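Comments concern the structure below.
Here, each number is a calculation from the coordinates, and none is a lab measurement. Given the structure is predicted, the values throughout are model-derived calculations rather than measurements. Every residue, glycine among them, receives a Cβ derived from its backbone with ideal geometry; neighbour counts consider all protein chains shown.
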Amino acid sequence: AQASQWPGELLNPMPTPRIGGPALPTVDIQRAVANSASPSNGPPEPAEMDDQPVGKHLSVTSILSGEGETFIVEELNVPPRVKRILKELDFDEQGTVSELELKHSFAVIKALKKGLDISGDGKVSHQELMTGVDLLGRLAHQKAANSSDMEYNHLPEVIQHIMREWDTDGTGKISASELGAAAKAFKKSKEQGKLMKKIIFGMALVILLLMLGMFILSYLAAEMAKEMRGNDDGVMTAPSGASIKIASSDFETLPDGSLVLRGTIVDTNETCDATDGQCRLLQGRRGRSMKVSAKESKKQLASTMPDETFQELKSVTLREGRKKMKIVIEGFQRVTSRTSKCGSVVHLLAAGGNGRLTLDDLVMSADEKMQKFVSDGGLKNLFADGGGTSSFGRKLSTTDGILEGFFNLLEGTDWPCESQPLPNPIDALPERYVAEIQVKHRHEVPALAFSRMFTNPDGFALKLPGIVIDEDGNVWKTWRERLISQKGTDLKAYMSRYDMNPYADELRIKIGGLQMKILLIQGVGYRCEVDASEASMMDNLNSAPINPRMEFGGVIEEDGLVLRQWIMYTAETVDEEVAGRRMQEDKAVQIKAMIQAGLLPNIIDYFDVDTDPAGEKKSGYPYRIRMRADDKLLTEKTYLSITELPGPMDIPGILEANG
């Protein structure tokens with residue numbers, strides 16, 4: 001019962017006798033007794049308590065506290081009904097109610113209250129109590145009587161729905177016979193299913209045999225209908241075995257193997273007096289021999305020419321003044337590029353591994369190998385600075401009369417020149433996305449990248465997990481990073497996973513100038529910290545790579561992909577951030593000082609996908625970010641995948657998405 005409804009003497013008890021130690025604070029016992037009764041119905045009336053039957057354990061005379069103190073129940077200054085309750089709590093009938101028995105009793109009462117609360121309102125009504133007790137009684141009786149009927153109205157509705165299918169008499173109970181009938185029906189349906197599988201397999205086998213027979217009959221019929229066939233020597237013969245003879249209506253072959261035009265053959269007869277035996281009669285045939293020569297055609301080169309035309313390209317002639325140089329072409333490769341003038345470029349591969357020429361519409365450029373090969377051939381000014389550079393190398397300094405190739409065969413049609421420009425990187429990204437990123441960062445202290453405990457057989461220290469050493473001896477730290485970003489907000493989340501600690505992830509959430517750090521271990525967050533942290537320029541670059549200070553650096557090919565390169569100079573970007581009041585001046589001074597010291601990159605290269613011939617990566621999506629101090633690479637981030645998120649993201653959604 002609630003303590004506020006009990007008589008005053010219960011709340012202010014008189015001192016009680018103690019045995020073996022100081023008095024036990026009575027407030028704990030009062031609270032325990034008060035919580036043991038039902039809060040919904042209040043304390044029972046004295047008459048109701050007196051009418052209850054009393055078990056053997058009414059002889060309980062003491063209460064044992066956790067400190068070892070003993071209190072006589074009869075001497076406690078509490079109402080008789082409270083004493084009766086305390087005596088009823090002695091379930092083992094040993095004459096003593098321990099603190100552990102009180103805890104167990106309260107746990108049982110709490111469990112009953114929770115289990116009997118059918119309505120879910122947190123309270124147990126009298127009806128719910130009686131219903132639960134009645135159900136427990138019926139179930140215990142059925143168990144004791146080994147009843148063949150089983151009630152199911154107390155089970156969840158989804159199970160009741162199935163049970164009703166088996167309850168043929170509608171009594172609300174499942175008898176043993178009904179359950180057995182259901183089991184037999186299920187077993188019979190399984191056997192019928194097995195039989196049906198066998199029938200289907202047999203029918204499929206019969207159909208396969210019929211199709212095989214039809215194929216064999218069709219093959220035999222076709223063989224029998226042939227008027228000629230070839231033997232093992234490649235000679236066509238008639239059914240009689242005679243070789244098939246063919247002739248050309250335009251050409252004829254002389255006995256000496258000469259191929260001549262039919263109709264130009266004449267007989268030659270040289271005669272002499274054979275009586276003296278001084279000469280021989282010569283007879284023969286002659287005709288006009290066929291003359292065959294290779295003919296090459298000249299055509300101006302352009303990337304819009306069909307692939308069939310480039311297949312016939314044999315050479316390209318380059319000229320510088322009166323000097324000429326012939327480049328033998330052994331193959332070509334067309335690469336789709338949205339950034340090109342006409343949607344694709346054509347690489348012409350020179351024989352002997354001497355480099356390549358690249359055509360973008362009518363513009364030709366050469367890689368470093370080709371430039372050296374042409375310069376060594378005497379055309380030293382062909383790739384002078386006057387031509388400039390393109391995405392695929394240095395351009396020719398002039399295009400007057402040198403974009404000509406020699407072909408075996410020419411087709412008169414060119415493909416239309418239709419470019420397919422890409423949007424700016426920020427416009428190509430989805431509104432909300434999650435990106436998986438592989439990070440490589442130059443180790444600040446390479447000596448700490450090795451184990452102090454483990455060595456290889458040669459005695460050298462082993463690398464720590466996640467450490468990579470390149471061919472130049474540079475030491476790199478690598479880890480995986482997941483980025484969640486949403487356009488139109490400053491909400492960003494980064495989750496980093498390190499090989500050195502594979503069971504713990506670091507989650508950073510940034511929004512509104514605040515940063516939250518969480519250490520995630522098996523879905524549980526530890527060391528949660530929130531502090532004021534201005535979003536760094538490097539973090540902003542991950543989700544918004546384009547800004548007014550980025551310059552287009554051209555197109556490159558890497559890993560089978562055609563990529564666009566953008567270049568950002570960080571010092572100039574910091575000045576713009578200050579001018580736009582997005583960064584404080586003292587913060588800008590610190591960043592510039594770190595850039596000058598080489599601790600932060602002064603150049604950031606951003607690469608996005610121009611074209612993926614395999615179709616696996618979407619055009620315009622980011623591919624790689626390189627942060628460098630001049631030519632020294634500091635950090636490299638490679639985007640492994642980008643997945644669009646279905647709906648708006650908030651901090652609870654980010655926490656759920658990261659486990």
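Observations, loosely collected:
- Interchain or long-range residues, amide H under 5 Å from CYS342's placed H: ASP361
- Full-extension gain in nm, GLU75 to THR478, via 0.36 nm per residue minus C-alpha separation: 137.7 nm
- Given LYS341/LYS618; LYS592/LYS617; LYS314/LYS617; LYS463/LYS618; LYS123/LYS173, the pairs whose alpha carbons are separated by over 25 Å: LYS592/LYS617; LYS314/LYS617; LYS463/LYS618; LYS123/LYS173
- Pairs of Cα atoms in the stretch 112-233 fall into 5 Å distance bins, from 0 up to the last occupied one, in shares of 2, 8, 9, 9, 10, 8, 7, 5, 5, 4, 4, 4, 4, 4, 4, 3, 3, 2, 2, 1, 0 percent.
- Amide proton proximity set for ASN77, modelled H, under 5 Å, gap of 5+: MET14
- Packing here is the average count of other Cβ atoms within 10 Å per residue, and on that basis the peptides 591-598, 505-512, highest first, run 505-512, 591-598.
- Distance (nanometres) between label positions extended 7 Å along Cα→Cβ at ALA221 and MET453: 8.0
- Among the GluC sites (Glu not before Pro) found in the stretch 559-659, those both in a DSSP coil and sparsely packed, with 13 or fewer other Cβ atoms within 10 Å of their Cβ, are GLU616.
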